Amino acid sequence: QMNPSFARMHGYTVDELIGKPIKTVFAPSEYENIPLMIKEAHDTGHCIWESLHIKKDGTIFPVLIILTAVKNDEGKVLYRVVNVIDISEKKRVEEELQLLHRAVEQSQVSVIITNKDAKIEYVNPKFIEVTGYSFEEVIGQNPRILKSDKFSTEDYIEMWKGLSAGNQWSGVFLNKKKNGENYWEDIIISPIVNSEGDILHFVAVKEDITEKKKILDELIKAKEMAEESSRLKSSLLGNMNHELRTPMNS
């Protein structure tokens, strides 16, 4: 026996499946696990397995199987009850989360996630590499542990005021590593909200731009020197032209 939902899940009608062997709905790769599931259910009373089923059109999809063996007073199995749950969507979400996790873990920019009270809950390996802090040292801390003496507390208060209102913030800060070394970061911080609009977390994506800023500052300095040199050259040529045009007194 089976209910119509089980048949529809596999693309069949109830009549098409009645009398068919159980392996009809299992992917071929799972055939060897069928007797193992049955044995576990008989030995322990029930078992829970993740498996792969196959639809009438050949589509293979993941399922969660809850198999219960119903026994009489003497312990003899009278029949088995099987609950099958299609977990395709669950698997899809898990794969997306795994992909996102790998992307964040392998990212070449620092990522920080805090709770709504600005207590750090997660940092990626790049953050640890850049700041010199370990994962354990920063969990539960406020990101202000990175604050250098170059920025006042008021700067941070103003930043968090905007974030608490649900606004994204971006800017450049001169922060401080664990060893006391200052470094420049280009930062984007965004609130993470639920369906009701309540802020649950904040996520910060930060890029160490110390070397970029150093090169930019050198280029600006070189440009200013070139412009000053050009100005002096123009002034000198102007003075020489004036002198040459002025009659010489003996």
message = Tell me which of Leu52, Val130, Ile199 sits at the most positive position along the dipole axis of the chain, charges placed on C-beta atoms (Lys, Arg +1; Asp, Glu -1).
response = Val130
inquiry  = Ignoring ligands, DNA and RNA, please state the percent of accessible area on the chain from carbon and sulfur, probe 1.4 Å.
reply    = 55
task = Have a look at Ser110, Leu219, Gly180 and report the one farthest towards the positive end of the charge dipole of the chain, computed about the Cα centre with Cβ charges (Lys/Arg +1, Asp/Glu -1).
result = Leu219
query = Can you give the charge dipole size of the range 1-105 about its Cα centre, rounded to the nearest 20 debye, using +1 on the beta carbon of Lys and Arg and -1 on the beta carbon of Asp and Glu?
reply = 260
remark   = For the range 81-86, Karplus-derived ³J(HN,Hα) couplings (6.51, -1.76, 1.60; θ = phi - 60°; whole Hz; x for glycine and proline) come out as 10, 10, 9, 10, 10, 6
query = In the range 34-110, what is the volume of the convex hull around the alpha carbon atoms, normalised per residue and reported in Å³?
reply = 132
key: Computed over the range 1-153: relative contact order in percent, which uses C-alpha pairs under 8 Å that are six or more apart   = 12
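Looking at the chain, what % of the alpha carbon pairs are farther apart than 23 Å? Please list the in-between numbers first.
Values: 21853 of 31125 pairs.
Considering the chain, 70 percent of its Cα-Cα pairs are separated by more than 23 Å.
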query = Can you give the Kirkwood hydrodynamic radius of the range 50-186 from its Cα pairs, in Å with one decimal?
reply = 19.7
ask   = What does the charge dipole of the chain about its Cα centre add up to, to the nearest 20 debye, if the Cβ of each Lys and Arg holds +1 and the Cβ of each Asp and Glu holds -1?
value = 340
About the Cα centre, charge dipole magnitude for the range 1-57 (Lys/Arg +1, Asp/Glu -1 at Cβ), debye = 180
inquiry  = I'd like the Karplus ³J(HN,Hα) series for the range 13-24: coefficients 6.51, -1.76, 1.60, θ = phi - 60°, whole numbers in Hz, and an x wherever there's a Gly or Pro.
reply    = 8, 4, 4, 5, 9, 4, x, 7, x, 4, 5, 4
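Can you give me the accessible area per residue for the chain, using a 1.4 Å probe, in Å²?
Each residue of the chain exposes 67 Å² on average to a 1.4 Å probe.
The values are calculated or read from the model by the stated rules, or taken from the named source; none is laboratory data. Because the structure is a prediction, the values reported are computed rather than measured. Glycine gets a Cβ as well: all are built from the backbone with ideal geometry, and neighbour counts include every protein chain shown. Protein only, heavy atoms only, side chains kept; ligands, DNA and RNA dropped before computing areas. Shrake-Rupley method; radii C 1.70, N 1.55, O 1.52, S 1.80 Å.
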